[in-house]
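Step one of this worksheet: look at the structure below.
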Protein chains: 4
Amino acid sequence: MCAAVTGDLQAIIEDIHRTLKPRLGEGKVADYIPELAKVDPEKFGIAVIDLEGNVFKAGDCDEAFSIQSVSKVFTLTLALGKHGETTWNRVGREPSGSAFNSIVQLEHENGKPRNPFINAGAIVVSDLVMAGHTPREAIGEIVRFVQYLADDATIGIDPAVARSEAATGHRNEALAHFMKSFGKLTHPVDHVLGVYFHQCALAMNCVQLARAGLFLAGNGRNPLTGHTVVSSQRARRINALMLTCGHYDGSGDFAYHVGLPGKSGVGGGILAVAPGRASVAVWSPGLNRNGNSLIGSLALEMLAAKTGWSVFGGPG
Amino acid sequence: MCAAVTGDLQAIIEDIHRTLKPRLGEGKVADYIPELAKVDPEKFGIAVIDLEGNVFKAGDCDEAFSIQSVSKVFTLTLALGKHGETTWNRVGREPSGSAFNSIVQLEHENGKPRNPFINAGAIVVSDLVMAGHTPREAIGEIVRFVQYLADDATIGIDPAVARSEAATGHRNEALAHFMKSFGKLTHPVDHVLGVYFHQCALAMNCVQLARAGLFLAGNGRNPLTGHTVVSSQRARRINALMLTCGHYDGSGDFAYHVGLPGKSGVGGGILAVAPGRASVAVWSPGLNRNGNSLIGSLALEMLAAKTGWSVFGGPG
Amino acid sequence: MCAAVTGDLQAIIEDIHRTLKPRLGEGKVADYIPELAKVDPEKFGIAVIDLEGNVFKAGDCDEAFSIQSVSKVFTLTLALGKHGETTWNRVGREPSGSAFNSIVQLEHENGKPRNPFINAGAIVVSDLVMAGHTPREAIGEIVRFVQYLADDATIGIDPAVARSEAATGHRNEALAHFMKSFGKLTHPVDHVLGVYFHQCALAMNCVQLARAGLFLAGNGRNPLTGHTVVSSQRARRINALMLTCGHYDGSGDFAYHVGLPGKSGVGGGILAVAPGRASVAVWSPGLNRNGNSLIGSLALEMLAAKTGWSVFGGPG
Amino acid sequence: MCAAVTGDLQAIIEDIHRTLKPRLGEGKVADYIPELAKVDPEKFGIAVIDLEGNVFKAGDCDEAFSIQSVSKVFTLTLALGKHGETTWNRVGREPSGSAFNSIVQLEHENGKPRNPFINAGAIVVSDLVMAGHTPREAIGEIVRFVQYLADDATIGIDPAVARSEAATGHRNEALAHFMKSFGKLTHPVDHVLGVYFHQCALAMNCVQLARAGLFLAGNGRNPLTGHTVVSSQRARRINALMLTCGHYDGSGDFAYHVGLPGKSGVGGGILAVAPGRASVAVWSPGLNRNGNSLIGSLALEMLAAKTGWSVFGGPG
């Protein structure tokens, strides 16, 4: 259990926690990755970090969970750093209009994924991050980058989850081989998937995750470390992608109810960004039918309503 | 030609106009509605109205054009006023991942359109707006609502455009009959399309359009008239829909480059909203491959960059 | 009730009738056309006419029913007579892999239907049959052609069914407008659909229907009248189309179980052709999930098994 | 070069060969499997074997080629022998309405392939043939079965082709992993694909291939060996599947022009069956846009026209 930190925001966080407590356990814990199915469905954590570095948190906010697809934000940031705007020759920027692991769109568009936040697109991003290196090197680089973003060298990968992903990742194997058949991956399929499965197995707690996303709230600069991670233009653009594509086929719904750029993972985590204000991480394992944390989404909707942080207009 | 009004913003507007002037005529004027094909492709207008009511404008900003699908924002607002959140039982809130007039998605989802800003969804919204009234009554109500929003009783429908739409609207006829076959329209198909074709034929200039959209920048309240059109929550939600779905299969791209909620029409108009700041209307008839104004999108990208109005983070 | 005519084949027919009697009423009577929903679900008729003109029949074989899509065989024959192989510039010859009224394929293939036996394709064939004439003239020509094929001037259209089709044909309206939007229909949509709805409303009994199809068993020549309707090559080709496309998305299943070219209608009728041997018509209103007569298909499977008429090999 | 054998049929074969000679080289040799791209595009062979065992042949009819997907007929026969009609719980019997390697249909139908002659379906059939055995055992069984059908123990697999398939088979990997993700394969993906890639690499000449298919012309019995391979019912059913599904998205076209059950392979071979009459194998490497031998299809069209063997009616 986290201790309270300071002020009004802390009260809001605690109120959200208290209100949602009776509903913990709702939704469906991801079971297609066996390791994820073992998680206690009643876990709930939330952490908010503002641009002054104040931390507000509640619940199981110090317990690490598998961030899964939230990692796609960090690997996209890495890929953009290496390849700049040419990244978009390899992956689109449009919402997919279909499920996170759909292959239909790929066939209709010659193997080019619609955006970097669906599985196919994230696999292409892993290929871009590799840039000629071995899987081991690329995985190391990703881990170090996330450690750097969160300013926390203890962050690592859960090897049991990584193995579990690889053993059961037939849908991702299908996506990768399909793109390879269109010449859309430059490295061997098993290398790219090795990287992808490991990035998904990153284990972080809510505080670490909120810290890692803080540069997106800070116009590209992490105010805790003073590091400029990306330009302010790039920060805005990553936020835009999170808002339009960050929740698979529930992205419109999340924008409607929450109004913040966000990226979810099937581990139940969501990273949300309030530009110019704060970075937020929530965790609750039960998922809604689009594969996004059910209680986590509600927590963010309540937070946005109470703080007036929606990017779409003031409170009231 | 518009006379300058005041200050820095006016300089920005004029700079944008000057910079884009050599490119006017780029893109492809919509030709599937014969009346639209007659428009001079080198027209360009822009108007910005801030929450204090200051108007900044340039180019052909006082010349009326066919707002086409921009009208979908106003009919959605009307429908939400009549039906509230039950509106969403009839139409979804997710980006479509396909062209503005696609019928494929409808077949896969039993005739329920993905969102109110693709044609199928807007036709359902017209059906909702009718609410048992005749087409003539519904059209009258829509015109009066837009006049009220813009505080300008001179706004009306271009009858030649409405006739032209009806005579060539086979794709929309197909969408409407298809939904009717799934029981998704309550009024006769020709009545609903009569309303839809007329709303698309609304003729407005940039200043009128920016005024009509000002309530979305003002948390639901039009500061010029003092009228509260919708609640601040509803204003945020309409803005969210515009951002995720407002530019058909180019919505992600518009969010990436501009970072403002917006809605385009094939007449070359775009209404964009800077929440808490201003309402913007641009007009340039040439379209990009997604059916959105090519030069109009560039103008908004420049405006957002120079003003720092992107909802996704500050300037720089 | 029909009286027995002659020999072994008559015994086979009667045996089939007796065997299936307990199952009459199975399947689902088409209800999307209100007039069809009124038919007694326990009706069953069968008629076989061999190339010597012998008639074998059982059940309600002299009662007229709505032949619906079986008419597509006759209008295709007419269209081929008028336009020859250029017909195939307007409609394909491949199985559709989807439901009889699917619109998805049309969008993916720019409005060109896959074959003349799905609704979209048959609507194009109606457009081809019109060839510049009025709907009234085209309908008259179709009726006279079917009368000529069956050598029976009493065959006509059921006006109540035609009206019922028109009043509820939103899916066909959608298909037609959709193709019109691609420029695939030369006549006005309502004219083409007028022809289409009337051809579907042709009322025939099993004996008439078997007679009308006899030219396809006789290498293009109707042995009863001595008329050569089409060349032997064209008869083979129409038979090939019936076999690959005649039962919508159940065509493969029908070929597997029956092994004869055939065309079904949602009125519960099926016309089947045993090349070089006989023409067969069956009628039973209950449909299987692909929209083909459930009991009618079983009757033909039994007939093919007992006679060894499958085009795919001898009995045993 | 083959020597003439006997009578009129030999003259027909030679006439076909002579007529098509100037066109040899038309079409596009498959290049996605590197080994296949090495084949001389001007090769042409044909062999016809009637139920009395007479062999008629011309061209390169004694030169082995890669039979590729023609093998799907033989593995389906094996699977039906092991699993009977329960085979159809795992794979459908309908034409696909899409390309041979399409994955779209799989997603829409929960991983169940439409028929055993598209790649996805054939991979399921390989899984069925394995029935718990190792890949090596299953491959051995397939080879021995084809040797038995053709009564020729010299038939084997081209190992260079098998390796080439495996190295470049990303589309097939995608299909297999995709089905595995739906639980549609019982053996490990790489085992199933090992079997599949080897069966496709079977090397046979036209005479061997025509002999192997003779049981399908003989109501299930190979008249050369006297072996009853399958029941006459099953022979008819396999023929029906070949007619409706044997040429991918060109099956309707093949039925229209040739009128015989047939199965093609991207190596340029086609096996065609004239029930009650003869088995035919042709080989010409250039493919049409549907992936079927262009000249081979023409040769069969000429043969069917000259012999009157179409299953859809007599000659003339």
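What follows is calculated from the coordinates using simple rules that are stated; it is not laboratory data. On a predicted model such as this, the values are computed, not experimentally measured, just so you know. All Cβ positions, even for glycine, are placed from backbone atoms using ideal geometry, and neighbour counts span all protein chains on display.
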Quick calc, segment B:69-202, dipole around Cα centre from Cβ unit charges on Lys, Arg (+) and Asp, Glu (-), nearest 20 debye, gives 240 debye
Karplus-derived 3J(HN,Hα) from phi for segment C:238-251 (6.51 cos²θ - 1.76 cosθ + 1.60, θ = phi - 60°), whole Hz, x at Gly and Pro, runs 5, 4, 4, 5, 5, 5, 7, 10, x, 10, 6, 7, x, 5
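Mind ranking B:280-287, D:147-154 by how tightly packed they are, going by the mean number of other C-beta atoms within 10 angstrom, highest first?
Numbers: B:280-287: 29.4, D:147-154: 16.5.
The most tightly packed comes first, giving B:280-287, D:147-154.
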Residue of chain A nearest the A-to-B rotation axis [by Cβ], rounded angstrom distance: A:GLY97, 1
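Could you compute how fast segment D:1-103 diffuses translationally, taking Rh as the Kirkwood radius over C-alpha pairs and applying Stokes-Einstein at 20 °C with viscosity 1.002 mPa s? Give it in µm² per second. Working shown, then result.
Values: Rh = 17.1 Å.
This corresponds to a translational diffusion coefficient of 126 µm²/s.
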Pairs to check: B:LYS180/B:LYS263; C:LYS72/C:LYS263; B:LYS28/B:LYS263; A:LYS263/B:LYS112; C:LYS21/C:LYS306. Give those whose C-alpha atoms are more than 20 Å from each other in this structure. B:LYS180/B:LYS263; A:LYS263/B:LYS112
Compute the helix-to-body angle for B:7-20: its Cα long axis versus the longest principal axis of chain B, expressed 0 to 90° and rounded to tens. 70 degrees
Find the centroid of the Cα atoms in segment D:250-316 and in segment B:159-215, then give the distance between the two in whole Å. 52 Å
For C:107-115, what's the mean count of beta carbons from other chains sitting within 10 Å of each residue's beta carbon? 2
How many angstrom separate the Cα center of segment C:65-97 from the Cα center of segment D:20-79? 34 Å
Exam field: C:GLY81 pseudo-label spacings to other copies (7 Å along Cα-Cβ), nanometres: 5.1, 6.1, 7.6
What nm distances, shortest first, do you get from the label point of B:PRO223 to those in the other copies when the point sits 7 angstrom along Cα to Cβ? 2.5, 9.1, 9.4
Hull-based mean projected area of segment B:69-202, where the convex hull spans the alpha carbons, in square nanometres: 7.4 nm²
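Given the convex hull over the Cα atoms of the protein assembly as shown, what projected area results after averaging over all orientations, in nm²?
Values: hull surface 196.0 nm².
Mean shadow area of the hull around the Cα atoms is 49.0 nm².
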Which whole number gives the average count of other chain Cβ atoms within 10 Å of the Cβ atoms across peptide C:227-239? 4
Sum of -39500 (n - 2.57) over DSSP H runs of 4+, divided by residues of the protein assembly as shown (222 nm, nearest 500): -13500 deg cm²/dmol
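Beyond 14 Å, what share of the Cα-Cα pairs of segment B:163-238 is found? Please give it as a whole percent. Present the calculation step by step, with values, prior to reporting the outcome.
On the way: 1975 of 2850 pairs.
Result: 69 percent of Cα pairs exceed 14 Å.
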When each copy gets a label point 7 Å from Cα toward the beta-carbon at C:THR154, what are the spacings between them in nm, shortest first? 6.9, 7.4, 9.4
Out of C:THR77, C:SER310, C:SER284, whose Cα points farthest toward the positive end of the dipole of chain C (charges: +1 Lys, Arg; -1 Asp, Glu; placed on Cβ)? C:THR77
Under a cut-off of 16 Å between alpha-carbon atoms, report the aspartates and glutamates in cross-link reach of B:LYS184, not counting same-chain residues fewer than 8 places apart. B:GLU107, B:GLU109, B:ASP127, B:GLU173, C:GLU173
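When the dipole is taken about the Cα centre of segment C:196-282, and only Lys, Arg (+1) and Asp, Glu (-1) are charged at their Cβ, what size is it in debye, to the nearest 20?
Details: 7 positive and 2 negative charges, 75 e Å.
About 360 debye.
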Note, segment A:167-181: 3J(HN,Hα) by Karplus (6.51, -1.76, 1.60, θ = phi - 60°), whole Hz, Gly/Pro = x, goes 6, 10, x, 5, 5, 5, 4, 4, 4, 5, 5, 4, 5, 4, 5
Compute the acute angle (0 to 90°) between the alpha-carbon long axis of helix C:135-150 and the principal axis of greatest extent of the alpha-carbon atoms of chain C; round to the nearest 10°. 20 degrees
Any idea what angle helix C:71-83 forms with the longest principal axis of chain C, computed on alpha-carbon atoms, 0 to 90 degrees, nearest 10? 60 degrees
Positive-end residue of A:TYR196, A:THR154, A:PRO116, charge dipole of segment A:104-230 with Cβ unit charges: A:PRO116
Charge dipole (debye, nearest 20) of the protein assembly as shown; +1 at Cβ of Lys and Arg, -1 at Cβ of Asp and Glu: 0 debye
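Considering every residue in A:161-171, what mean count of other chain Cβ atoms within 10 Å of its Cβ is obtained? It would help to have the intermediate numbers written out before the result.
On the way: counts 0, 0, 0, 0, 0, 0, 0, 2, 2, 10, 5.
Mean shielding count: 2.
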Go through A:76-87, A:112-123 and give me the packing order, highest mean Cβ count within 10 Å leading. A:112-123, A:76-87
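Could you work out the equivalent-ellipsoid semi-axes for chain B, taking the square root of 5 times each eigenvalue of the Cα gyration tensor, largest first, in whole Å? Before the final figure, lay out the partial values.
Numbers: eigenvalues 168, 83, 69 Å².
For chain B, the semi-axes come out at 29, 20, 19 Å.
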Only sites in a loop by DSSP and with at most 13 other Cβ atoms within 10 Å count here; which trypsin sites (Lys or Arg not before Pro) in segment C:253-316 make the cut? C:ARG289
